[in-house]
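K.L.:
A single structure is presented below for examination.
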Amino acid sequence: MPAPKNPFKAAIRENRFQLGLWVALASPYAAEVVAGSGYDWLLIDGEHAPNDLPLLAAQYGAIAGRGSHPIVRLPVGDTALIKQVLDTGVQTLLIPMVDSVDQARQLVRAVRYPPQGIRGVGAALGRATNFGRITDYLRNANDEICLLLQIESKAGLNAIDEIAALDGVDGLFIGPADLAADMGHLGNPGHIEVRAAIVDAFTRIRRAGKARGIMTLDPAQARDYRDLGADFMAIGTDVTLLVNATERLRREFLGEAEPTRSESGY
């Protein structure tokens with residue numbers, strides 16, 4: 001049985017736009033439902049959703065093989081957590097709150113086996129090797145792991161050129177909500193100063209030859225980000241879609257007006 005290829009990594013290397021959705025209900029069953037919806041990738045959120053490692057792994061298993069590529073966002077870029085989640089079979093990671101090139105360099109080492117990195121060897125115990133049945137996993141894993149780093153602070157913006165230049169960083173994902181907060185515009189990721197920072201970040205990431213990622217729940221903002229050159233983008237969350245659909249059904253039946261909502265990121 002050959003080691004699995006990473007279709008998402010191949011796509012962003014070939015400049016094929018990848019459309020995604022956030023999965024934050026912390027439910028393997030819900031994740032499986034969403035996996036059939038035709039998105040290129042789904043982000044299983046371990047940062048803001050109530051997930052632990054077994055639950056992340058269960059959702060990964062529910063999504064894998066159903067058409068959407070599962071990406072896992074860990075709560076923090078911890079070497080031990082990275083080792084564990086990669087052994088469950090995850091090939092693409094999004095790490096939040098990356099503020100420096102030293103932090104990024106350590107993350108690159110964490111996802112790679114020696115001598116290029118420090119990932120512990122033990123995947124034969126997990127899904128990554130189909131429990132030991134994939135005999136060439138160790139030889140190919142470094143090439144198929146995709147590392148995405150989330151830039152969501154002024155410090156991260158200042159370090160983009162150095163971070164994007166690192167071999168082993170496959171894409172940089174701009175977090176508009178946290179970036180807006182750090183820039184003094186909490187709850188307003190569409191602020192003109194935040195957009196200008198995103199435009200500048202996209203330009204610098206593109207100059208380094210890396211993929212540019214972002215997310216928004218605002219359709220107009222999503223189209224703007226795509227026009228600006230986003231290579232992979234999430235346009236919604238399962239939580240928000242469920243809230244909106246269930247409330248809309250009730251309002252429409254009762255003839256109630258739709259309330260005004262402001263966009264806060266997600």
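K.L.:
Checking the conditions here, which among Ile118, Ile145, Ile134, Ile151 is of a type outside the set (Asp, Glu) and under 30 Å from His191 (Cα atoms)?
P.N.:
Ile151
K.L.:
Considering region 14-33 alone, what residues qualify as being over 16 Å from the mean Cα position of the chain (by Cα) and assigned to a helix (DSSP H, G or I)?
P.N.:
Pro28, Tyr29, Ala30, Glu32, Val33
K.L.:
Assuming Asp182 fulfils every condition listed in (1) touching a helix residue (DSSP H, G or I) at 6+ places or on another chain (Cβ under 6 Å); (2) in contact (Cβ under 8 Å) with a residue 40 or more places away in the chain; (3) open to solvent by 50 Å² or more (accessible area, probe 1.4 Å); (4) within 30 Å of Arg109 (Cα to Cα) apart from one, which condition is it?
P.N.:
Of (1) touching a helix residue (DSSP H, G or I) at 6+ places or on another chain (Cβ under 6 Å); (2) in contact (Cβ under 8 Å) with a residue 40 or more places away in the chain; (3) open to solvent by 50 Å² or more (accessible area, probe 1.4 Å); (4) within 30 Å of Arg109 (Cα to Cα), only one is false for Asp182: (2).
K.L.:
So, one more: All but one of (1) open to solvent by less than 10 Å² (accessible area, probe 1.4 Å); (2) among the aliphatic types (A, V, I, L, M); (3) free of Cβ contacts under 8 Å to residues at least 24 places away in the same chain hold for Leu74; which doesn't?
P.N.:
Tallying (1) open to solvent by less than 10 Å² (accessible area, probe 1.4 Å); (2) among the aliphatic types (A, V, I, L, M); (3) free of Cβ contacts under 8 Å to residues at least 24 places away in the same chain, Leu74 fails exactly one: (3).
K.L.:
Here's another thing I want to ask about it. May I ask you to verify whether Ala57 is in a helix (DSSP H, G or I), open to solvent by less than 30 Å² (accessible area, probe 1.4 Å), under 20 Å from Val121 (Cα atoms) and among the small types (Gly, Ala, Ser)?
P.N.:
Spelling it out, Ala57 is indeed in a helix (DSSP H, G or I), open to solvent by less than 30 Å² (accessible area, probe 1.4 Å), under 20 Å from Val121 (Cα atoms) and among the small types (Gly, Ala, Ser).
K.L.:
Anything in region 207-266 that is in contact (Cβ under 8 Å) with a residue 60 or more places away in the chain, open to solvent by 80 Å² or more (accessible area, probe 1.4 Å) and assigned to a loop (DSSP other than H, G, I, E, B)? List them, or say none.
P.N.:
Ser262, Tyr266 - these are the residues of region 207-266 that are in contact (Cβ under 8 Å) with a residue 60 or more places away in the chain, open to solvent by 80 Å² or more (accessible area, probe 1.4 Å) and assigned to a loop (DSSP other than H, G, I, E, B).
K.L.:
Restricting to region 67-124, what's the tally of residues that are among the charged types (D, E, K, R), more than 19 Å from Glu144 (Cβ to Cβ) and not in a loop (DSSP other than H, G, I, E, B)?
P.N.:
2
K.L.:
Right, Ala201: at pLDDT 95 or above, assigned to a helix (DSSP H, G or I) and farther than 26 Å from Cys146 by Cβ or not?
P.N.:
So Ala201 does not fit the description; no.
K.L.:
Hey, can you tell me all the residues within region 83-121 that are at positive phi and of a type in the set (Gly, Ala, Ser)?
P.N.:
Within region 83-121, Gly89 is the sole residue that qualifies.
K.L.:
On to the next question. Looking at region 7-51 only, could you name the residues that are touching a Leu at 6+ places or on another chain (Cβ under 8 Å), touching a residue at least 60 places away in the same chain (Cβ under 8 Å) and open to solvent by 40 Å² or more (accessible area, probe 1.4 Å)?
P.N.:
Leu25, Asp40
K.L.:
I'd like the residue in region 185-202 that is in contact (Cβ under 8 Å) with a residue 12 or more places away in the chain and closer than 17 Å to Asn158 by Cβ and, out of all such residues, is most open to solvent (accessible area, probe 1.4 Å).
P.N.:
By that ranking, first place goes to Asp200.
The values are calculated or read from the model by the stated rules, or taken from the named source; none is laboratory data. Note that the coordinates shown come from a computational prediction; the quantities given were computed from them, not determined experimentally. Heads up, the Cβs are rebuilt from the backbone with ideal geometry, glycines too, and the neighbour counts pull from every protein chain shown. For accessibility, only protein heavy atoms count, side chains too; no ligands or nucleic acids. Shrake-Rupley method; radii C 1.70, N 1.55, O 1.52, S 1.80 Å.
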